[in-house]
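Here is the structure we will look at, set down as structure tokens.
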Amino acid sequence: MTSPDTAEVIIVGSGAGGCAAAYQLAKAGVRVVLVEKGGPLARDGSTLDFNRVVRLGQFNSQEVWADGRGRSFKPEEHFNVGGKTKWYGAALLRYSEREFGSDPGHQCLGWPIGYEDLRPFYEQAEALLAVHRFAAEPDLQRIADRLQRRTPSWRHEPLPLGLSPEILNDPAEARHFDGFASVANLKSDGDTAFLSHVRDLPNVTILTGRSVTDLIGAAGDASRIVAVQLDDGTQLRADVVMLAAGALHSPRLLQRYLEVSGLATSLPAASSVGRNLKLHLLTAVLAVSNANITDLIRKTRIFLHAELPHSSVQPLGFDAELMSTLIPGIVPRAIARWVGNHSYGFFLQTEDGAHRDNRVIAESASTSGRPVMDYDGARAPQALAEHHALVSRFRIALARAGMLAFSQRIGIAGTAHVSGTLMTGTDPARSVVDAVGKVHGMRSLYVVDGSVLPRSSRVNPALTIYAWALRVAEGVSHRLRPPAKV
């Protein structure tokens, strides 16, 4: 085990980016300390318990935020080893090549790298995550066939999933992977796919239940981060610090440091820290038919429409019990259960545009001690218009397929795909992180979580975060452990 006093790299957070970076660095022999605010999840079955996970929200963060109007809310965040990857729906898709370029008409900013730069790391991540494509189950195949036959503009293809094929032999896990944490390690989250390979190496230390409160700069050189301070006052020193706490939390750490160090007024990138916040525009659709639904996994296809290039549709991996939670409480429970048994759920998402006024602001006296998420979807009207068209067209297609559809928009508390608050780019005046993951103008601070994403894409971001972190960590390991010259 690496002594915290001799670390070369400190990683703050153990979500997708933190786990992947720790893996890559550890395999290269770099001495790593990973600090996670939460602890490991219980393996007693509680993370599959509908009441504890859904009704009570027992595993959600209880941190209270304010929106742009000062109203309180709790984002759906998770503090535990593996972060959100323990709870996500296991969809692992690559960005398309076009999604690395800019799209001014949709307020989408381009990456400082291209698809080919990330391709080998996509491949590495997919191998470690054991990405698998399942055959469409009978009920979904029937729905997909009717959709395509009666509304040919919709097409569908297999959805790459981080699920073991063995999950088909475990109905309890199969019905509770989307939004639940696997007990039997049948879902390829960051912990099981990355940390499990390196956690016992002598050059790795994982500190859990410890929160990083501050970044510490070098005496006389604020641009060089040399340590982090934990909530008990302990300071850990390292050559490199990597932020991997997530797009709502990493920018707050950096904002606080920039203020106390004086860099807030002199570092060109400082004005962009916390800005360009992106949330996928999300709507849940409940599609009801006369047929009793018996599919087990359900979430096996992705639906696309050529005229909606920033949008996609995925089935929800929800069983009848979960489907009934989408039905308003005023509906008698007997009816709700019938509807749940005859329903398929779908998750409609549209890429958000980048707007600098959508941002995260660290807690301070001026915010009444609460962090702020100032977000308004109307600031990206093109995205909002496409999302409305997506919901309308998909509901019409379902009606033509013989299904009655009900929809519910997901609000700003739905932060599963939040991104962009420490955006990567080439211009230090308009972005925060450069093409190799280092904060512009700072010498030892890197970012490996979803906050770097310039675009939210039409698909889930997890695989791209893994790939980005692997790429950044490889570059840092080469800096710390230069390859031998041949």
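The values are calculated or read from the model by the stated rules, or taken from the named source; none is laboratory data. The shown structure was predicted, so the numbers you read here are calculated from the model rather than taken from an experiment. Glycine also receives a Cβ, built like all others from the backbone with ideal geometry; neighbour counts cover every protein chain displayed.
Listing for the model above:
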| quantity | calculated |
| --- | --- |
| Some residue of the stretch 33-47 being modelled with pLDDT of 95 or more, part of a loop (DSSP other than H, G, I, E, B), more than 17 Å from the chain's Cα centre (by Cα) and within 30 Å of Q382 (Cα to Cα) | no |
| Selected residue (criterion: nearest to the chain's Cα centre (by Cα)) from residues of the stretch 289-312 that are closer than 24 Å to V53 by Cβ and of a type in the set (A, V, I, L, M) | I297 |
| Extreme residue, surrounded by the fewest Cβ atoms within 10 Å (Cβ to Cβ), among residues of the stretch 162-180 that are within 26 Å of E77 (Cα to Cα) and among the hydrophobic types (A, V, I, L, M, F, W, C) | A172 |
| Among the candidates R150, R155, R199, residue that is basic (K, R) and either modelled with pLDDT under 95 or closer than 26 Å to V32 by Cα (or both) | R199 |
| Residue count for the stretch 383-406, restricted to those that are surrounded by 15 or more Cβ atoms within 10 Å (Cβ to Cβ) and either under 23 Å from the mean Cα position of the chain (by Cα) or basic (K, R) (or both) | 8 |
| Odd one out for V228, checked against (1) outside any loop (DSSP other than H, G, I, E, B); (2) in contact (Cβ under 8 Å) with a residue 12 or more places away in the chain; (3) over 19 Å from C19 (Cα atoms) | (3) |
| Filter pass, E36 being under 25 Å from R175 (Cα atoms), in contact (Cβ under 8 Å) with a residue 12 or more places away in the chain and not hydroxyl-bearing (S, T, Y) | no |
| From the options Y88, Y122, residue that is of a type in the set (S, T, Y), in a loop (DSSP other than H, G, I, E, B) and surrounded by 19 or more Cβ atoms within 10 Å (Cβ to Cβ) | Y88 |
| Number of the exception - S46 against (1) under 18 Å from H78 (Cβ atoms); (2) loosely packed, with under 14 Cβ neighbours inside 10 Å; (3) free of Cβ contacts under 8 Å to residues at least 60 places away in the same chain | (2) |
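Yes or no, residue by residue, for (1) part of a loop (DSSP other than H, G, I, E, B); (2) within 20 Å of the chain's Cα centre (by Cα); (3) touching a residue at least 24 places away in the same chain (Cβ under 8 Å):
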{"site": "D5", "(1), (2), (3)": "no, no, yes"}
{"site": "S14", "(1), (2), (3)": "yes, yes, yes"}
{"site": "L25", "(1), (2), (3)": "no, no, yes"}
{"site": "N51", "(1), (2), (3)": "no, no, no"}
{"site": "G57", "(1), (2), (3)": "yes, yes, no"}
{"site": "Q62", "(1), (2), (3)": "yes, yes, no"}
